[in-house]
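The values are calculated or read from the model by the stated rules, or taken from the named source; none is laboratory data. A quick note: this is a predicted structure, and the numbers were derived from the prediction, not measured. Note that we place each Cβ from the backbone using ideal geometry, even for glycine, and neighbour counts take in every protein chain shown.
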Amino acid sequence: MPYDQPIYEFDEEFDIKYYKAWVLGTQWFPPPQTPLFVDFHFSLGLYGLKWAPAMMSDPRTKGWDGRMRKGALYLSVIETNEEEKKQLEPIWREKMRKVLEDPWAVWEGRKRNLREKLFNFVAIDLRGLTDMELVDHWYETWHYSKYSEECHFYPMYALGQGNIVFRKLLKQLLNITPDDPIYSELHSGFENEFTKITEEMSTLADAATEAGLQEGFGEARPDEVLAKLATSEAGRQWIEQFNQFVQKYGYMRRRQEELCTPTWWEDNTQVLADIQRFVAAGKGSRSREVRPRLVERRKQREEEILAKLPQEERETFRKLMACSQASSVYSEEHTLYCETLTYTVVRLAAMELGRRFAAKDMIDSPDDVMFLHGDEIAHAGGVQERCNLRKIVNKRREEYDGYRKIENDHPLILGDPTKLGEIVDADVIFGVMVAPPIARPEDVGATLVGCAGAPGVVEGTAVVCMGEEEIDKVYPGAILVVPATAASWTPVFNIIKGIVTDGGGYLTHALIVAREFGVPAVIGTQEATRKIKTGQRIKIDGSLCRVWVMD
Amino acid sequence: MRSKELVYWIEELDKKDNDLVGKKCANLGELSRIGLRVPPGFTISVYAWNRFVDLTGMAEEMRGIFDHARGELDLPVKGQKVSQAVRDLIEAQEIPDEIADPIRGCYARLCEKAGVSEVPVAVRSAGAISMPGAMETYLNVTGEADVLKKILRVWGSAYTYRAVIYRHNHNMSAQHASIGIAVLQLVDAKAAGVLMTANPTSGDTGEMVLESNWGLGESVVSGVINPDRFNVGKKDLTITGTINTKLKKIVPAGDGTEMIDVPIELQELPSLTDDEVRQLVRDGLRIEEHFGGPTDVEWAYSAGSPFPENLYFLQARPMKPLPKYKDPIEKILDMMLGELNSP
């Protein structure tokens, strides 16, 4: 029973009957999520995923549906029927025309609104609010999250199509496929907020090296690092810079897709660990080196390609390319606002409520608030004055612990795997998350084959991480093997030699960031974390999307 | 309907004369009527051809050849034998003076106007029914004797297997051709090519498409080289397009033409200046208006006189039906929905 919300439970018969296939949400799982996040994610996140295609009058899809199965999140696509398609098509054409006329505008306005409101939210001093003011704030964060999730997905449905059709046009006119370096080059060199943060982090690392402070960053634990640095003047100056950096970006959290993990404000050792890795790698920001080249190269490629096309095709191509590029940029940027900041705002409010509940003996520790649902928190704060929430919390904690114990045993696909291609084609966003591999490993003599890649061939030692909690296992020069990556993994791209993922499709985080950082990648192999073990020697070819285990 | 003559000067013709001299010739007359420059020339009428058949007594023999192959024209081997037999028959004839004299007279007049003793001409076929590419053209024909010889050949080309089969498949008498011939002074082309008064690929009627190369326009028409392409907006005359590397051109040589190398310094140079392009487009607008729709035009800029008096029009015919024009966004939307129907 998924945390007392049976409506979310996967029904082995009914859900296979009415949906072609269900895919494991590798972006979110493993590890399993806590009840508050599940409540939030289903009621607002998946809501946004239905709202957006409906607002676009998308003729193909009504969005995603979600279920929980043994603590894991599974997702599928809600396809339209023939009659719905016919009705929606002309309306969609009008809406889509406006998007194509100015694709960059779709995200810009929303980003401005979110930026303003969310930064105002995080600036509020929650401790200074009265109990009822805090409950009122809690309602507001949930209400604003509804808007945030709408902003989250609308541009995806508006712009994502452009990416897909652009891919097809490239193949048709110029025989260029997504695994071709030119494809990467056309979508690279756009600045996004996360790479800025990573660059600043890397600047701090360089500053430490220049000031001769590397030793302090040795193998010591993060808190020990600060203690060592505090013993010298140069070290104290560096700590000052570091604190300013954390003050500025402290809303970031290592694990995005959860509410129970702390922000950098609450725990700065996370980001200190990232900086330690940079110092150990001993070089400047890879992204900084690579970007100017990428911008220039992208512009060059754009011109070259346009010149190859017949006159009649150029305007169409240009418009589609703009849409595809805008889609790629939005895909990276929205994470900061619609996920990181939004969830941080909700977390901070939840934790303050948790502190007050704990002070009133309603729960044992503030973190227990993560085992309640959103409306229960509102009740416990705003309706009941003092009540014992322990029974609920303990029951759910037990369920959660049970999920954590299940071995990595959740199939990537439930239902009919051969239908994966169909649902990916029906829903643009699904293809962002997952796509069929381009070949079968046995046909090409490889251990694994992915659906997309960032160019380059490397050989090295694999490090398998089953989630952000294991991020500290990564060391410079390793080849990272993960179910998926998200924003908090971005700094790691600066030091790894290559990356392989289970999940992911054509616009996944790992793919976009790998390109930006010039790191070879193979995305969407479906089984990498099962077939590869930490310490094994592996070789990857990002252009061919193939992985070989050498041992 | 005017009295039937054997020959007509181009200026005497207009669109009513399709059946008289063939569509191509009639169109040349129309072009000259709207004040556009057409090379000096004359036409040999369909009546002249029919008269030729009568005077030589070929009709009987031709009937015999066709009857012999009745019902079997579709068989390529049989059909080609018929075609060859008829062509040999025609080319074995001598044009009777009744017909040859007026032709000689017109040719002499052309030479006089041009101020040379033997002016080079183009001898082009013009059917009453359009059969693009089915019949022949001879360029750089010089001297009365050669002109008459080529006229026989062009008459003969009405009986290529392709032309015969075309008539046969379109419910016409395979045996009877209605063929006119245009004899035009050959333009000493600096650059030549085609002009389409609408975009044939996109269907966009807001722009014209030009293709040009150095030398005679045949290199462009025949598609053997990669010409310069110009797209020109009709309203604002903005020019875009691609200048290609022009390696070969066709020039008069001997008693015909040959394809020679383009000098290195001209290969990457645009074969038309912007002014020359715009002049063509302006005239193209008049042609389109006069012919009442998108038109396919052959033209040449002569090396022999200054711009813009050196622009000659060699042919004009209606373009094939255009694809329905879609703006780029419509096309993209179609592509996106195409995903819906066939992933």
Scanning segment A:205-233 for residues that are crowded, with 19+ Cβ neighbours inside 10 Å and under 21 Å from A:Gly518 (Cα atoms) gives A:Ala205
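Within segment B:212-239, how many residues turn out to be within 14 Å of chain A (Cβ to nearest Cβ), out of contact with any strand residue (DSSP E or B) (no Cβ under 6 Å at 6 or more places or on another chain) and modelled with pLDDT of 90 or more?
Applying the first criterion (within 14 Å of chain A (Cβ to nearest Cβ)) to segment B:212-239 yields B:226-233, B:238-239.
Filter once more, so that each one left must be out of contact with any strand residue (DSSP E or B) (no Cβ under 6 Å at 6 or more places or on another chain): B:226, B:238.
Add one more test, that the residue is modelled with pLDDT of 90 or more, and what stays is B:238.
Selection size over segment B:212-239: 1.
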Report task. Could you tell me whether A:Glu296 is part of a helix (DSSP H, G or I), over 30 Å from A:Arg253 (Cα atoms), within 14 Å of another protein chain (Cβ to nearest Cβ) and at pLDDT below 90? Result -> no
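Test B:Val209 against the stated conditions and say whether it is away from chain A (no Cβ under 14 Å) and surrounded by 17 or more Cβ atoms within 10 Å (Cβ to Cβ). Show your work before the answer.
On the way: away from chain A (no Cβ under 14 Å): no; surrounded by 17 or more Cβ atoms within 10 Å (Cβ to Cβ): yes.
For B:Val209, the condition - away from chain A (no Cβ under 14 Å) and surrounded by 17 or more Cβ atoms within 10 Å (Cβ to Cβ) - is not met.
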A:Glu149 meets each of (1) within 14 Å of chain B (Cβ to nearest Cβ); (2) more than 23 Å from A:Leu544 (Cβ to Cβ) with one exception, condition (1)
When segment A:511-551 is checked residue by residue, the ones that are outside any loop (DSSP other than H, G, I, E, B) and touching a Phe, Trp or Tyr at 6+ places or on another chain (Cβ under 7 Å) are A:Val513, A:Ala514, A:Phe517, A:Ile538, A:Lys539
Selection from segment A:500-551 of residues of a type outside the set (Val, Ile, Thr), over 17 Å from the mean Cα position of the chain (by Cα) and closer than 17 Å to A:Glu332 by Cα yields A:Gly518
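Table: residues versus (1) under 20 Å from A:Gly162 (Cα atoms); (2) within 12 Å of chain B (Cβ to nearest Cβ).
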{"site": "A:Ser43", "(1), (2)": "no, no"}
{"site": "A:Glu79", "(1), (2)": "yes, yes"}
{"site": "A:Lys86", "(1), (2)": "no, yes"}
{"site": "A:Asn113", "(1), (2)": "no, no"}
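Kindly indicate whether B:Lys4 is basic (Lys, Arg) and within 18 Å of B:Ser125 (Cα to Cα). Working first, answer last.
Working: basic (Lys, Arg): yes; within 18 Å of B:Ser125 (Cα to Cα): no.
So B:Lys4 fails the test.
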Of the residues in segment A:96-128, those that are surrounded by fewer than 15 Cβ atoms within 10 Å (Cβ to Cβ) and of a type in the set (Lys, Arg) come to A:Arg97, A:Lys98, A:Arg112, A:Arg115, A:Arg127
Taking segment A:311-325 and the residues there that are more than 7 Å from chain B (Cβ to nearest Cβ) and either of a type in the set (Lys, Arg) or free of Cβ contacts under 8 Å to residues at least 40 places away in the same chain (or both), the one that is farthest from A:Leu173 (Cα to Cα) would be A:Arg318
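Determine, yes or no, whether A:Ala435 is within 14 Å of chain B (Cβ to nearest Cβ) and within 13 Å of A:Val522 (Cα to Cα). If you could, list the steps in order and put the result at the bottom.
Working: within 14 Å of chain B (Cβ to nearest Cβ): yes; within 13 Å of A:Val522 (Cα to Cα): yes.
Criteria met by A:Ala435.
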Among (1) within 14 Å of another protein chain (Cβ to nearest Cβ); (2) in contact with a helix residue (DSSP H, G or I) (Cβ under 9 Å, 6 or more places away or on another chain); (3) of a type outside the set (Lys, Arg); (4) assigned to a loop (DSSP other than H, G, I, E, B), B:Leu333 falls short only on (4)
Flagged in segment A:475-491 as crowded, with 23+ Cβ neighbours inside 10 Å and more than 14 Å from the chain's Cα centre (by Cα), in numbering order, are A:Ile479, A:Leu480, A:Val481
**OP:** Could you please let me know if B:Ala198 is of a type in the set (Gly, Ala, Ser), more than 25 Å from B:Ile10 (Cα to Cα), within 14 Å of chain A (Cβ to nearest Cβ) and within 24 Å of the chain's Cα centre (by Cα)?
**Re:** yes
query = Can you find even one residue in segment A:44-66 that is under 21 Å from A:Gly504 (Cβ atoms), of a type outside the set (S, T, N, Q) and without any contact (Cβ under 8 Å) to a residue 24 or more places away in the chain?
reply = yes
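Just for segment A:155-177: of the residues that are of a type outside the set (A, V, I, L, M, F, W, C) and surrounded by 21 or more Cβ atoms within 10 Å (Cβ to Cβ), which one is nearest to the other protein chains (Cβ to nearest Cβ)?
Ranking the candidates gives A:Gln161 first.
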Counting only helices (runs of 4 or more DSSP H) wholly inside segment A:324-430, the ones holding at least 3 residues that are within 30 Å of A:Ala105 (Cβ to Cβ) are A:342-359, A:420-426
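Among A:Glu215, A:Glu199, which is away from chain B (no Cβ under 14 Å), farther than 30 Å from A:Ile423 by Cα, in contact with a Ser or Thr (Cβ under 7 Å, 6 or more places away or on another chain) and not hydroxyl-bearing (Ser, Thr, Tyr)? I'd like the intermediate steps shown before the answer.
Numbers: A:Glu215 fails: in contact with a Ser or Thr (Cβ under 7 Å, 6 or more places away or on another chain).
None of the others qualify; the one that does is A:Glu199.
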